[in-house]
Each structure stands twice: as C-alpha cells, then as structure tokens.
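Notes follow the structure.
Derivation of every value follows stated rules applied to the coordinates shown; laboratory data play no part. All figures in this text were calculated on a predicted structure; none of them were measured in a lab. A quick note on method: Cβ atoms are made from the backbone with ideal geometry, for glycine too, and the neighbour counts reach across all protein chains shown.
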Amino acid sequence: MDCYRVLHPRHEGYTSDARRRPSMRIDYCFASSQLAQSLHSCEVIRNELTPKASDHLPVLVEFVRK
C-alpha cells in the first residue's frame with residue numbers, strides 16, 4: 001500500500017524538483033496491508049535544508065507498534 005495515499009487521499013504530496021516548485025510525486029514508501037495498519041504518519045518534508053540535500057523532497061514515514 002502507498003503509505004502517503006493511505007493517510008492523505010486528496011493531497012498531491014509532490015516530491016520532485018525540491019529546488020523549484022514540486023510538480024510530481026516520484027518518491028514513495030510502500031507497506032504491506034498488514035504493516036499499513038500500524039501506519040502513524042507519512043509526510044513530505046520541505047524546509048530550508050531540503051533543497052540543499054537533494055533534488056527530491058524526503059518522505060518521512062512512522063509506524064507504531066500495536
């Protein structure tokens with residue numbers, strides 16, 4: 001399952017071209033349906049450091065132990 005889409009069904013979540021204006025979603029984190037039940041958060045990180053680190057925006061995914 002696409003972790004970002006599970007928690008954000010209507011947001012674009014664009015991750016491309018961090019140095020300009022992101023316009024595509026090209027970075028993903030997938031989990032099995034069993035693991036996705038433990039999904040706590042999934043966010044695209046965008047701040048003043050991300051354009052210096054990569055041309056893609058990072059995706060941070062957190063799971064909780066149930």
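I'd like to check something: does region 35-46 contain any residue that is exposed (fewer than 12 other Cβ atoms within 10 Å of the Cβ) and more than 16 Å from Glu62 (Cβ to Cβ)? No, because not a single residue in region 35-46 is exposed (fewer than 12 other Cβ atoms within 10 Å of the Cβ) and more than 16 Å from Glu62 (Cβ to Cβ).
Under the condition of being assigned to a loop (DSSP other than H, G, I, E, B) and charged (D, E, K, R), which residue from region 46-57 is nearest to His8 (Cα to Cα)?
Residues of region 46-57 that are assigned to a loop (DSSP other than H, G, I, E, B), as a first pass: 46-49, 54-57.
Next, from what is left, pick out any that are charged (D, E, K, R): 46, 48, 55.
Working: Arg46: 16, Glu48: 23, Asp55: 23 Å.
Filtering region 46-57 for residues that are assigned to a loop (DSSP other than H, G, I, E, B) and charged (D, E, K, R), the one nearest to His8 (Cα to Cα) comes out as Arg46.
Look through region 13-27, keep the residues that are in contact with a strand residue (DSSP E or B) (Cβ under 6 Å, 6 or more places away or on another chain) and of a type outside the set (Asp, Glu), and return whichever of them is nearest to Cys3 (Cα to Cα). This residue is Gly13.
Is it the case, given these coordinates, that Glu43 is outside any loop (DSSP other than H, G, I, E, B) and not hydrophobic (A, V, I, L, M, F, W, C)? Break it down into steps so the answer makes sense when it comes.
Values: outside any loop (DSSP other than H, G, I, E, B): yes; not hydrophobic (A, V, I, L, M, F, W, C): yes.
It is true that Glu43 is outside any loop (DSSP other than H, G, I, E, B) and not hydrophobic (A, V, I, L, M, F, W, C).
Across region 47-62, the number of residues qualifying as surrounded by fewer than 16 Cβ atoms within 10 Å (Cβ to Cβ) and over 13 Å from the mean Cα position of the chain (by Cα) comes to 8. Inside region 7-34, residues that are surrounded by fewer than 16 Cβ atoms within 10 Å (Cβ to Cβ) and either in a helix (DSSP H, G or I) or not basic (Lys, Arg) (or both) make up a count of 15.
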